[in-house]
Every structure is written in C-alpha cells, then in structure tokens.
Amino acid sequence: MTRLTPDMISDVPAVSRLDTALINEIGSTLEEISIGAAGISGHDSAFDDLDAAVIPVTSGMGVISGFSESVRSILESMGIRAFVTKNTDVAGFAEAVEKDADMIFMADDDRFIALNVRVMKFVDNTEGTAKGYAEALRIAMKYRPPSSVLVVGCGRVGSMATEIFSKRYASVNVVDIDPSKAMELERRYGNVHAYADVETAVRESNVIFNSSPGKIPGEWIRQGAVIISPGVPHSFDSEARRKANVIVHDPLAIGVGAMAAICAKYSVDIRNRFESEMNAINPISVRLAAPGQR
Ligand code: 2YJ
C-alpha cells in the first residue's frame, strides 16, 4: 500500500477546487459522489448532528504533516463538523470520546478507518475508496453500464472494486504486474477475465479503473477513454489527459468522503431499524412520538 506523502496531500485543503474539477469532469460534487457511494437517499439528513474527530497517529512511520488537517477539511467541506484532537494516539482517542465525537477517523501505515462510536461499526479506507470511485465511474458513464471495465492493480482497492463491478456489469477485465493476483480474481468471479500484461489490457480498454501506483503511458490510452483513478501517485501524463474524455483522480478526498458517508449511514440505518421495530410493536405511540407529527 502506498504511504501518502505531505507533497501528495498539500493541495487537499482546497477542497472547493476539487469540487470544481469534479463538476468539470463528471458534473458532480464530492458530497454527491459520497452520498451515492453510501447508498444514502436524498432526503436522509445523514450528516446532521454528527461530529467527527480526527486523531493523529504516531505509530510506525509517524504523523504525516498535513494528513489529519486534510481529513478534517474534507469532512468540513461536506458539512460535517470536524476537529483534529490536540493529543495523538490513545490520549487522542480519549479526547475524541470526551468531546463527544460521533465518528472517529484515524490511520496508521496499514489501515485508515472511520469508527461510528454510537453503533461501534467502522468502515475502512479500502471500502470507501473502492465505493467512492465506483460511484464516480457510474456518474461518469451517466448511469449507463459500460460493456466492460478494466481494473488495473489487484491490491485491496482493485479487488474490492472488481467485486463491485462483477455484480454491476456484464464483463470485468483485470490486470496486475503480478499476473497471479489477476488470475485469483478471475477464479473467484464468473464474469472476470485476467489479462497477462498491462499494456495490452490498457490498449484494448475504453473504461479504466486504475488502482495501481504504476505509471501508465498516454501512448497506450484510447481516444475518448474514461479513466477513474484512485491509484497514488497519479499515473497519467499529459498525452493521456488530451486523449481521455474523463480522468477522475485525487489522493484522499473521494475515499474519505465515501468513508464519512458510509460511517454516517450506520447511524441512519440504526435509527430506521429502531423506528420500524417500534412501529411494529406499537404503531400509534411511534406516530405520536415522532417529532412534528402532532
Ligand atoms: O496520523 C498520521 O498522520 C499518520 N499516521 C497517517 C498515516 C496515513 N496512512 C497511509 O498513508 C496508509 N498507507 C493508508 C492510506 C490509505 C489511503 N488510500
């Protein structure tokens, strides 16, 4: 897994610029992509009354300068109140709970999670990134399923995206510089085909989901291609930019946005379940108890 560097995320606090870029590319904002990725319906006010804490974590290779602040600014841009804890690690966790945070974001070198403290369920950045970018692909295709999608890179995000696409689309192609990883996905799903080499796979594809850190030369890209690219560092050059119809990439925001929406949805789900169970037990009292109903 690629470790983010201060360089890669130096631009993240300017989330409004990302929104402008996303609107230009696919006509949607970060918040819209995130809500779609989590499957939240428009009228659910999922982010209301949720506070998020971001805890700097010093273990392993330590704190990445600007990381926690970038996560905070992504959350704030989506209308979620968020703060970075003054303390790090366990003391930071204690501080987040003392300050009544509903969601806690924290990352070490291996995992990056958002914990919903109210329901004790967490979502991993792998899931957020795969679902966020899969939603960006759906929007980029104007919700028309492509005849096939190529997934480049069969690590954690690529594998989860392959699972999502195999349920959603008729045909999924996969490729990795380690062919055994692609073959493993072909074995697992009926409609997944593994390519043996990256160049052939990219040259033959119109819709590319790139979850690899490797460079993909613009020479291999087809005119009018749709490129959805969570992979860091960014893999595409100016020739790819000229040829592609759409390129969606950012180092952090789409993954974090989708994590936040999925994490917030855990609260919506529990609220809805509670209301329907109460309704089944005693429909009249629930109707009377519901705010604004009397
Ligand atoms: O708190 C901090 O500043 C650091 N402990 C953050 C570490 C961030 N973690 C990574 O960069 C991991 N490789 C996971 C990132 C997943 C992004 N897709």
Treating only Lys and Arg (+1) and Asp and Glu (-1) as charged, each at its beta carbon, one finds that segment 64-192 has a dipole about its Cα centre, in Debye to the nearest 20, of 720 debye
Treating only Lys and Arg (+1) and Asp and Glu (-1) as charged, each at its beta carbon, one finds that the chain has a dipole about its Cα centre, in Debye to the nearest 20, of 820 debye
For segment 33-38, in residue order, the Karplus 3J(HN,Hα) values (coefficients 6.51, -1.76, 1.60; θ = phi - 60°; whole Hz; Gly and Pro = x) are 4, 5, 5, x, 4, 7
Percent relative contact order for the chain, counting Cα pairs under 8 Å at least six residues apart, stands at 20 percent
Amide H neighbours of Val151 at under 5 Å, excluding residues fewer than 5 places away on the same chain, with H built from the backbone geometry, are Asn173, Val174, Val175, Phe209
Rounded to the nearest Å, the spacing of the alpha-carbon centers of segment 105-137 and segment 222-240 is 24 Å
For Phe112, the residues 5 or more places away or on another chain with a placed amide H closer than 5 Å to its own amide H are Asn125, Thr126
The pairs in Lys215/Lys243; Lys167/Lys215; Lys215/Lys265; Lys181/Lys243; Lys121/Lys215; Lys181/Lys265 lying past 26 Å Cα-Cα in this model are Lys167/Lys215; Lys215/Lys265; Lys181/Lys243; Lys121/Lys215; Lys181/Lys265
Taking protein heavy atoms only, a 1.4 Å probe, and rounding to whole percent, the accessible area of the chain owed to carbon and sulfur comes out at 53 percent
Taking Cα atoms only, Rg over Rh for segment 115-196 with Rh from the Kirkwood formula is 1.04
If one compares the long axis through the Cα atoms of helix 67-77 with the longest principal axis of the Cα atoms of the chain, the angle in degrees, nearest 10, works out at 70 degrees
Rounded to the nearest 500, the 222 nm mean residue ellipticity computed for the chain from DSSP H runs (n ≥ 4, each -39500 (n - 2.57)) alone is -13500 deg cm²/dmol
Share of Cα-Cα pairs in the chain beyond 28 Å, whole percent, is 41 percent
Counting only DSSP beta bridges with both partners in the chain, the antiparallel fraction in percent, to the nearest 5, comes to 25 percent
Residue-ordered couplings for segment 86-91, obtained by feeding phi - 60° into the Karplus form 6.51 cos²θ - 1.76 cosθ + 1.60 and rounding to whole Hz (Gly and Pro as x), are 5, 8, 9, 6, 5, 5
Full extension between Asp48 and Glu69 adds, at 0.36 nm per residue less the Cα distance, a length in nm of 5.4 nm
In terms of the charge dipole of the chain, which places +1 on Lys and Arg and -1 on Asp and Glu at the beta carbon, the residue among Ser16, Ala136, Ala94 farthest towards the positive end is Ala136
To the nearest 20 debye, segment 194-246 has a Cα-centred charge dipole, built from +1 on Lys and Arg Cβ and -1 on Asp and Glu Cβ, of 200 debye
Note on segment 1-103: contact order normalised by length, alpha-carbon pairs under 8 Å, 6 or more apart, percent, works out to 32 percent
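The values are calculated or read from the model by the stated rules, or taken from the named source; none is laboratory data. Quantities reported herein were computed from a predicted structural model and do not represent experimental measurements. Backbone-built Cβ (ideal geometry, glycine too); neighbour counts: all protein chains shown. The area values use the complete protein model at the heavy-atom level, side chains included, leaving out ligands, DNA and RNA. Shrake-Rupley method; radii C 1.70, N 1.55, O 1.52, S 1.80 Å.
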